[in-house]
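First the structure, in the form of structure tokens, and then the observations on it.
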Amino acid sequence: EAQVTQNPRYLITVTGKKLTVTCSQNMNHEYMSWYRQDPGLGLRQIYYSMNVEVTDKGDVPEGYKVSRKEKRNFPLILESPSPNQTSLYFCASSSFRGRVNYEQYFGPGTRLTVT
Amino acid sequence: AQTVTQSQPEMSVQEAETVTLSCTYDTSESDYYLFWYKQPPSRQMILVIRQEAYKQQNATENRFSVNFQKAAKSFSLKISDSQLGDAAMYFCAHVAQGGSEKLVFGKGTKLTVNP
């Protein structure tokens, strides 16, 4: 089954404790991206990757890091989480090949609470 | 900069009736896609319908259809024969081709379906 997986789905942590949210896709997609969703703001892009070892900042990258060492994985790293990073996080992926029926596939989301 | 505006934070509809959700966007690109995503209480992002900008014909998917007005940069979603399961947050989104592949989202419209 084609899918994007994220782990963990729920996480409660304390300020300053480093954490990683994993994202993996099994569709051989070149493009992967992280979004955060906050009430009243919709979804905003944090970081994206066009391919292995190619990453770039989105609209709200402060406080986050990413890496793309393998095509299927795109982890989101919070080196020193703060309460303003409490949010719902989505990973998404897509392919550049074939523009017909273009779609970004979303993971199930990770609910992060930083106290 | 690309922007997406959903002017209706909340909408309600009677079961079996028709409702239209509004979306306007701003872009300088000539080649792009538009989407409507549904987010039920499970938080999963579900693609409802897509529209390629180069296609003049409005997209339809069963009870869902769009009114795409390219010159006016308008992209409304019509839900016919509304069902209780249609209750959700609906997000309009835009992505330009050939760029960063960033999905730009509106802030969402919460749809309530009354029995």
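Every condition in (1) at pLDDT below 95; (2) within 27 Å of residue A:32 (Cβ to Cβ) is met by residue B:75 except one, and the failing one is (1). For region A:93-112, check the following and say yes or no: at least one residue is in contact with a helix residue (DSSP H, G or I) (Cβ under 6 Å, 6 or more places away or on another chain) and open to solvent by less than 20 Å² (accessible area, probe 1.4 Å). Checked against the condition, which is being in contact with a helix residue (DSSP H, G or I) (Cβ under 6 Å, 6 or more places away or on another chain) and open to solvent by less than 20 Å² (accessible area, probe 1.4 Å), region A:93-112 yields no hits at all. Inspect all residues belonging to region B:81-99 and state whether any of them is within 25 Å of residue A:91 (Cβ to Cβ), in a loop (DSSP other than H, G, I, E, B), facing chain A (nearest Cβ under 9 Å) and open to solvent by less than 10 Å² (accessible area, probe 1.4 Å). No, region B:81-99 has no match at all.
Take the residues in region B:100-115 that are hydrophobic (A, V, I, L, M, F, W, C) and within 11 Å of chain A (Cβ to nearest Cβ), then tell me which one is surrounded by the most Cβ atoms within 10 Å (Cβ to Cβ). Per the stated criteria, the residue is B:103.
Scanning region A:37-56 for residues that are closer than 19 Å to residue A:73 by Cβ and open to solvent by 20 Å² or more (accessible area, probe 1.4 Å) yields A:47, A:48, A:50, A:51, A:52, A:53, A:54, A:55, A:56.
So if I check each of A:4, A:60, A:14, which one is open to solvent by less than 40 Å² (accessible area, probe 1.4 Å) and touching a residue at least 60 places away in the same chain (Cβ under 8 Å)?
Values: A:60 fails: touching a residue at least 60 places away in the same chain (Cβ under 8 Å); A:14 fails: open to solvent by less than 40 Å² (accessible area, probe 1.4 Å).
Just a single option satisfies the conditions, and that option is A:4.
Every listed requirement among (1) in a helix (DSSP H, G or I); (2) within 14 Å of another protein chain (Cβ to nearest Cβ) is met by residue B:49 save one, (1).
The values are calculated or read from the model by the stated rules, or taken from the named source; none is laboratory data. All values derive from a computational prediction rather than experimental measurement. When we count neighbours, we look across all protein chains shown, and the Cβ atoms used for this are built from the backbone with ideal geometry, even at glycine. All accessible areas refer to the heavy atoms of the entire protein, side chains included, with ligands and DNA or RNA removed. Shrake-Rupley method; radii C 1.70, N 1.55, O 1.52, S 1.80 Å.
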